[in-house]
Amino acid sequence: MQTIHSLAEMSRWSDGIIARGNSIALVPTMGYFHEGHLNLMRLASRLADFVVVSLFVNPLQFGPLEDLSCYPRDLARDSGMAAGENVDVLFAPTDSEMYSSDFNTRLRVEGITDTLCGKQRPGHFEGVITVVAKLFNIIKPHTAVFGRKDFQQLCVIRKMVRDLNWDIKIVGHPIVREKTAWL
Ligand code: PAF
């Protein structure tokens, strides 16, 4: 598994893979992997020739009262875990690579973001789909795998992909629950 930090290098890697007629499955994450993430990676490896896992704690999807700085981050730990799966690339861009200081664009899916989590966290889904759209453009996956755990997020991403005519298959992985001591 290789780790790529640069957007240009990531994009070049994907272009090479696609030019050779191979397919790419993307698992977008914010890191600090657990069994749920590993299951998404395992499913992705059955769906395409190559697997890219993105690891980016996306500042755009955090509200002003949500503490971005407290979000757990451990690239060495996550790399070790992803390397144990069939992951070809761990794409871990920096904030400044992803968002230039004059970054001013937000995508918005109307309607389904007005309820549930979207209602409680204004701007959250705009941040989510803006970063997912950037990841799709950089990595150019044929398939992207998301957990059904964040069901509204999955619906919003599916809607964006349909509305924008992206030729990307969005796959929802069933919820994986860890065994609890009292069961
Ligand atoms: O579900 C997540 O971890 C994030 O919302 C995502 C899809 C990686 C976008 O930052």
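Derivation of every value follows stated rules applied to the coordinates shown; laboratory data play no part. None of the values given here were measured: they were computed from a predicted structure. A quick note on method: Cβ atoms are made from the backbone with ideal geometry, for glycine too, and the neighbour counts reach across all protein chains shown.
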Residues in the range 126-151 reached by a label modelled at I18 [backbone nitrogen below 14 Å; 7 Å Cα→Cβ]: 134-144
Need the full-extension length gain, L65 to N137, defined as separation in residues times 0.36 nm minus the C-alpha distance. One decimal, nm. 22.9 nm
Normalise the Cα radius of gyration of the range 77-129 by 2.2 N^0.38 Å (N = residues in it) and let me know the number. 1.61
Can you give the FRET efficiency for A83 and R162, using 1/(1 + (r/R0)^6), R0 = 25 Å, r = Cβ-Cβ distance, to the nearest 0.05? 0.15
Just to verify a number: FRET efficiency for E178 and D74, C-beta to C-beta distance, R0 = 25 Å, to 0.05? 0.85
Would you please give the residues with an amide H less than 5 Å from that of S54, counting only those at least 5 places away or on a separate chain, with H modeled from the backbone geometry? V27, T29, F91
Could you pull out the trypsin sites (Lys or Arg not before Pro) across the range 61-139 that fall in loop regions by DSSP (anything but H, G, I, E, B) with no more than 15 other Cβ atoms inside 10 Å? R73, R106, R108
Among the GluC sites (Glu not before Pro) within the range 1-78, which fall in a DSSP loop and have no more than 12 other Cβ atoms within 10 Å of their own Cβ? E66
Proximal lysine pairs, the chain, alpha carbons under 30 Å, eight or more residues apart or interchain: 14
Any chance you could check the Cα centroid distance between the range 100-138 and the range 66-87 for me, in angstrom? 22
Dimensionless Rg/Rh of the range 100-183, both radii on Cα and Rh by Kirkwood, sits at 1.04
Quick one: plug the Kirkwood hydrodynamic radius of the range 26-108 (C-alpha pairs) into Stokes-Einstein at 25 °C, 0.890 mPa s, and report D in µm²/s. 175
Would you kindly calculate the translational diffusion coefficient of the chain, applying Stokes-Einstein with the Kirkwood radius from alpha carbon pairs, for 25 °C and a viscosity of 0.890 mPa s, and quote it in µm² s⁻¹ without decimals? 145
So if the hydrodynamic radius of the range 103-149 is defined as the Kirkwood radius over C-alpha pairs, what does Stokes-Einstein give as its diffusion coefficient at 37 °C and 0.692 mPa s, in µm² per second? 275
